[in-house]
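Asks: Structure provided below as structure tokens; questions to follow.
The values are calculated or read from the model by the stated rules, or taken from the named source; none is laboratory data. Just so we're clear, the structure is a prediction, and the values are computed from it rather than from any experiment. Virtual Cβ from ideal backbone geometry, glycine too; neighbours counted across all protein chains shown. Accessible surface areas use protein heavy atoms only, side chains included; no ligands, DNA or RNA. Shrake-Rupley method; radii C 1.70, N 1.55, O 1.52, S 1.80 Å.
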Amino acid sequence: MSSIAITGSGIICAIGNDKKQVHDSLLTGKTGVGELRYLPSRHKELPVGEVKMTDAELKKALGISPTEVYSRTAMLGAYALRQTIADAGLTSEALKGKRVTLISGTTVGGTEKSEQYSCGNNTKAIDHLTTINSQIPISDCQLSTISTACSSALNAIILGTRMLLMDETDIVLAGGTEALSVFHLNGFNSLMILDHQVCRPFDATRQGLNLGEGAAYLVLERTNEARLRKANIEAYISGWGNRCDAFHQTATSENGEGAFLAMTDAMKMANLNPEEIDYINAHGTGTPDNDKAESTALHRVFADALPPVSSTKSLTGHTTSASGSIETVICLIAMHNRFIPGNYGWKNKSPECITPSAFIPDTDLHHVICNSFGFGGNDSSLIISDRETHINSNVNYQVSTVNCAEATVSQEDELKALREYMSPMESRRMCQLMKASFLTSMRALEIAGINKPDAIIIATEHGMFENGKKISGTLNEQGEEGISPTLFMQSTHNTLAGALAIHLGCHGYNITYSQGKESFWWAIQDAQRLIREGKAENVLVGLHDEMPIYSKSVIVKKV
Amino acid sequence: MDELILELKEEIIRVLNLEDITPEDIDSTAPLFGAGGLGLDSIDALELIVLLEKRYGIRLASAAEGKTIFTSVENIAKYVSENRKR
């Protein structure tokens, strides 16, 4: 039994550049969503939640020379992390002799800089970490990047928690960062899920989401060690769930299976009943699909004991990969200041949705759930508590694992063999990398004699590079028009993990690492961790990259 | 109209990357989505919306609007001939 404390936090988003400003906006309900000012896009009809600072102002605040090139994603991350480190009192003295790990979630990475220089989509998600890392007052910090689309930041917090529980590190800085880009604004637009007004989560008239941007990080430590260094404990992490909806690349299943399983796992781990949850910060994007499915999942988990639920995305916009940590910090602010954030913009009861909560002052929040769902059906839930809780982690260090099957593909002509496993109709939307990842996965599973793995963990250095490049090409040639929705939904790093889960019907743990050459190491480590936690008996692990194609799948199995 | 129907079939095959399918294989009056027809899905519908915009200058307001138009190739042809800007 172990306990994990949150000892620092920092945030920047459309409704404030620090916790104090965000707190004030949450009280007044003043939205940060409006006409775009900073992003060089012609889509003025699409409201967005921009951080109210130019790149030049961010550089000045961070002490970066105006001539140096930094992506907005990296600068937002560095800005939030600097606050987080100060908040936690992490001086070089406090960090002496400690193992420190920075885990950051992003999908956009440096895309917006690549747009400026017209050099295609920069899908190397890790690039943002070099800038952010410079804020940490030690030189040898372990780094990891998670890219599970809109649930990236929440999955970063979950990974940090697990690494602390298994004594793999001492201090974790975890969260995520994402800047708006012409790339994903046009991409979401091609999916026809952007509202032309300020979004209205759970409302009968909801038309879609508004994109936002920002960053937020937490400092996590084992509670006993946090007390030893007399850290100010802001809250505790009590439980988590990471599941896959395994239904559709961008849409959500009718019964909200992934969300249901993620919340159920988190509550089981925290030993909490529905009546004990005081507030849920919903994913609540404002799209017809998400809000309906999340409502169904909430009804399934809570039945008659549904606590107040609200989405804060009509204030912040949907900050995509950063939303999990931004909304966790919003939960912390609400907990400390004893209020429930309102679901602003909601007016009309939707027959298919829960009735969200208005702003409620003077209320104690002991246990709070934060939901974060992403493309590929990457659904995660986190529970934070105002009192020390012990996580049911059931780790068994005696368990050993073995890589029991392996398959690789590195030649394009080998991909024809995919026909043995699926019809051309089924594979009609697949790019070569996706075909390769499917072929090696099916072969490895076949060798291991497994139909459906318990979990899927994917490593990729460049992600869906070719698809990203095609989209950037269209944007440059046709001036923000005619983006292929298929290409866009297959441009996130977690595309392969999500698509494999759908094909295999795997609702288990699902994650994607994009930490350069170390990605595969992180993936294998995580598979072993998962098996020792008793959350899986076997895990499908893959390393998939393009230019040239290289795809390797292995099955990691409990011995 | 027959010319437009053939053109649409060719475009659908190209845009949706329907390997092994020729225009002759597509029944102009058969449903495109779900069982009993081509078996297309909601992602294909989004691609068809982009096709209408790019090729014929027709901009649909929502995915739901697409559903009422993309019932069969014949129906799409009818809609295109009445609404095309180019």
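Asks: Just to be sure before I move on: is residue A:158 more than 30 Å from residue B:64 (Cβ to Cβ) and surrounded by 24 or more Cβ atoms within 10 Å (Cβ to Cβ) in the structure I sent? Break it down stepwise before answering.
Replies: On the way: more than 30 Å from residue B:64 (Cβ to Cβ): yes; surrounded by 24 or more Cβ atoms within 10 Å (Cβ to Cβ): yes.
Spelling it out, residue A:158 is indeed more than 30 Å from residue B:64 (Cβ to Cβ) and surrounded by 24 or more Cβ atoms within 10 Å (Cβ to Cβ).
Asks: Also: Based on this model, can you work out whether residue B:26 counts as touching a strand residue (DSSP E or B) at 6+ places or on another chain (Cβ under 9 Å), farther than 24 Å from residue A:247 by Cβ and either of a type outside the set (D, E, K, R) or open to solvent by 60 Å² or more (accessible area, probe 1.4 Å) (or both)?
Replies: Against the criterion (touching a strand residue (DSSP E or B) at 6+ places or on another chain (Cβ under 9 Å), farther than 24 Å from residue A:247 by Cβ and either of a type outside the set (D, E, K, R) or open to solvent by 60 Å² or more (accessible area, probe 1.4 Å) (or both)), residue B:26 does not qualify.
Asks: So residue A:87 fits all but one of (1) within 30 Å of residue A:478 (Cα to Cα); (2) touching a strand residue (DSSP E or B) at 6+ places or on another chain (Cβ under 6 Å); what number is the exception?
Replies: Here residue A:87 meets the rest and fails (1).
Asks: Tally time: how many residues in region A:473-501 are out of contact with any helix residue (DSSP H, G or I) (no Cβ under 7 Å at 6 or more places or on another chain) and in a helix (DSSP H, G or I)?
Replies: The qualifying residues number 5.
Asks: If you check A:526, A:454, which single one turns out to be more than 13 Å from every other protein chain (Cβ to nearest Cβ), of a type in the set (D, E, K, R) and open to solvent by less than 10 Å² (accessible area, probe 1.4 Å)?
Replies: A:526 is the lone residue from the list that is more than 13 Å from every other protein chain (Cβ to nearest Cβ), of a type in the set (D, E, K, R) and open to solvent by less than 10 Å² (accessible area, probe 1.4 Å).
Asks: Where in region A:228-322 are the helices (runs of 4 or more DSSP H), entirely inside, with at least 2 residues that are open to solvent by 10 Å² or more (accessible area, probe 1.4 Å) and more than 25 Å from residue A:457 (Cα to Cα)?
Replies: Filter on region A:228-322 gives A:288-302.
Asks: For region A:187-222, which residues satisfy the criterion of being charged (D, E, K, R), buried (at least 24 other Cβ atoms within 10 Å of the Cβ) and touching a Pro at 6+ places or on another chain (Cβ under 8 Å)? Even if it seems obvious, please write down each step before you answer.
Replies: Quick first cut of region A:187-222, residues charged (D, E, K, R) only: A:195, A:200, A:203, A:206, A:213, A:221-222.
Going one step further and asking which of them are buried (at least 24 other Cβ atoms within 10 Å of the Cβ), we end up with A:200, A:206, A:213, A:221.
Answer for region A:187-222, where residues must be charged (D, E, K, R), buried (at least 24 other Cβ atoms within 10 Å of the Cβ) and touching a Pro at 6+ places or on another chain (Cβ under 8 Å): just A:206.
Asks: Still on this model: (1) farther than 21 Å from residue A:426 by Cβ; (2) away from chain A (no Cβ under 14 Å); (3) in a loop (DSSP other than H, G, I, E, B): which one isn't true of residue B:58, the others all being true?
Replies: Residue B:58 satisfies every listed condition except (2).
Asks: Which residues, counting only those in region A:166-214, are touching a strand residue (DSSP E or B) at 6+ places or on another chain (Cβ under 8 Å), within 14 Å of another protein chain (Cβ to nearest Cβ) and β-branched (Val, Ile, Thr)?
Replies: Within region A:166-214, A:193 is the sole residue that qualifies.
Asks: So, one more: Looking at A:498, A:542, can you tell me which residue is within 20 Å of residue A:246 (Cβ to Cβ) and more than 17 Å from the chain's Cα centre (by Cα)?
Replies: A:542
Asks: Please indicate, with yes or no, whether at least one residue in region A:354-374 is at pLDDT 95 or above, of a type in the set (Ser, Thr, Tyr), closer than 29 Å to residue A:180 by Cβ and open to solvent by 10 Å² or more (accessible area, probe 1.4 Å).
Replies: The answer is yes, given that some residue of region A:354-374 is at pLDDT 95 or above, of a type in the set (Ser, Thr, Tyr), closer than 29 Å to residue A:180 by Cβ and open to solvent by 10 Å² or more (accessible area, probe 1.4 Å).
Asks: State whether one or more residues within region A:104-116 are over 19 Å from residue A:185 (Cβ atoms) and surrounded by 15 or more Cβ atoms within 10 Å (Cβ to Cβ).
Replies: Yes, the conditions are met somewhere in region A:104-116.
Asks: Condition first: touching a residue at least 40 places away in the same chain (Cβ under 8 Å) and within 13 Å of chain B (Cβ to nearest Cβ). Now tell me which residues in region A:482-497 satisfy that.
Replies: A:483, A:484, A:485, A:486, A:488, A:489, A:490, A:495 - these are the residues of region A:482-497 that are touching a residue at least 40 places away in the same chain (Cβ under 8 Å) and within 13 Å of chain B (Cβ to nearest Cβ).
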